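**Student:** Below: one structure in structure tokens.
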Amino acid sequence: MTDFDSPAGKGAVGVVEGRRVVLGSAGFLLSHNLHTGAATAQADGLRADGATAIFIGIDDAVAGMFAIADPVKAATPEALEALRAEGVEVVMLTGDNRVTAEAVARTLGIDRVEADVLPDHKSDIVEQLRREGRVVAMAGDGVNDAPALAAADVGLAMSSGTDVAMESAGVTLLKGDLPAWSRHASCLRQR
């Protein structure tokens, strides 16, 4: 592969065996003059089921798409309920498409969703919440979460995540187990 570029949170583009290959959202493909057209309806169906649709462009045409979905851990709904019972407002902060994020949020009972957020803007949202006088705990596991983890009052990284996320956070959950941690949610309540 040559001429590779991967702008954070958008997709990837490069030349493979003389052919330009573009992977990413419909917007990213459009920025490379590739129109997803009819495939957009199929992608919306995948998003409504909570999956992220990734388009594939080869040279001057959209060649296909695939879907990625993170499975929700069985204990997550209980963990979120424990946080809410302690008065903690749960906010989903994600780079995923709004339709995908809202589908997952509905499943988990999350009312506030910040979707389509580029990695460099996640920390802006955390800082805005802090300016509003809120105490913010941010949980994340990826490179894209690192600035927001550092900006939060408490950054919670999953040990199964990236090194930069763990270095940016104040706390690393050794088993990546937010559900177990949520049982101690009273430490987050603003007094």
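**Student:** Return the residue satisfying two criteria in turn: it lies in region 34-93 and is over 16 Å from Gly11 (Cβ atoms) and of a type in the set (Val, Ile, Thr), and of such residues it is surrounded by the fewest Cβ atoms within 10 Å (Cβ to Cβ).
**Tutor:** Val72
**Student:** Follow-up. Only residues in region 92-104 that are under 14 Å from Ala67 (Cβ atoms) count as the first member; pair them with residues that are surrounded by fewer than 20 Cβ atoms within 10 Å (Cβ to Cβ) and among the small types (Gly, Ala, Ser), Cβ under 8 angstrom, at least 6 apart or cross-chain, and list the lot.
**Tutor:** These pairs meet every condition: Asp96/Ala115; Asn97/Ala115; Val99/Ala48; Thr100/Ala115; Ala103/Ala48.
**Student:** Is at least one residue of region 65-72 touching a residue at least 12 places away in the same chain (Cβ under 8 Å), hydrophobic (A, V, I, L, M, F, W, C), closer than 17 Å to Asp116 by Cα and part of a helix (DSSP H, G or I)?
**Tutor:** no
**Student:** Residues of region 128-145 being crowded, with 16+ Cβ neighbours inside 10 Å and not in a loop (DSSP other than H, G, I, E, B), which ones?
**Tutor:** Matches in region 128-145: Leu129, Ala137, Met138, Ala139, Gly140, Val143, Asn144, Asp145.
**Student:** On to the next question. Within the group Arg106, Arg98, Arg84, which residue is farther than 26 Å from Ile54 by Cα and outside the structural domain of Ile54 (by TED's automatic domain parsing)?
**Tutor:** Result: Arg84 is the single residue among Arg106, Arg98, Arg84 that is farther than 26 Å from Ile54 by Cα and outside the structural domain of Ile54 (by TED's automatic domain parsing).
Quick grid of which residues meet (1) at pLDDT 90 or above; (2) of a type in the set (A, V, I, L, M, F, W, C):
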{"site": "Ala67", "(1), (2)": "yes, yes"}
{"site": "Met92", "(1), (2)": "yes, yes"}
{"site": "Glu114", "(1), (2)": "yes, no"}
{"site": "Arg131", "(1), (2)": "yes, no"}
{"site": "Val136", "(1), (2)": "yes, yes"}
{"site": "Gly140", "(1), (2)": "no, no"}
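**Student:** Continuing with the same structure: Among the residues of region 11-19, is any charged (D, E, K, R), surrounded by 13 or more Cβ atoms within 10 Å (Cβ to Cβ) and either closer than 20 Å to Gly140 by Cα or outside the structural domain of Gly109 (by TED's automatic domain parsing) (or both)?
**Tutor:** No; the residues of region 11-19 include none that is charged (D, E, K, R), surrounded by 13 or more Cβ atoms within 10 Å (Cβ to Cβ) and either closer than 20 Å to Gly140 by Cα or outside the structural domain of Gly109 (by TED's automatic domain parsing) (or both).
**Student:** Could you list all residues from region 77-124 that are assigned to a helix (DSSP H, G or I) and farther than 30 Å from Ala41 by Cα?
**Tutor:** Selection gives Glu78, Ala79, Leu80, Glu81, Ala82, Leu83, Arg84, Ala85, Ser123, Asp124.
The values are calculated or read from the model by the stated rules, or taken from the named source; none is laboratory data. This one's a predicted model, so the numbers in the text were calculated from it and none came from an experiment. In this analysis, Cβ positions are derived from the backbone assuming ideal geometry, glycine residues included, and neighbour counts consider all displayed protein chains.
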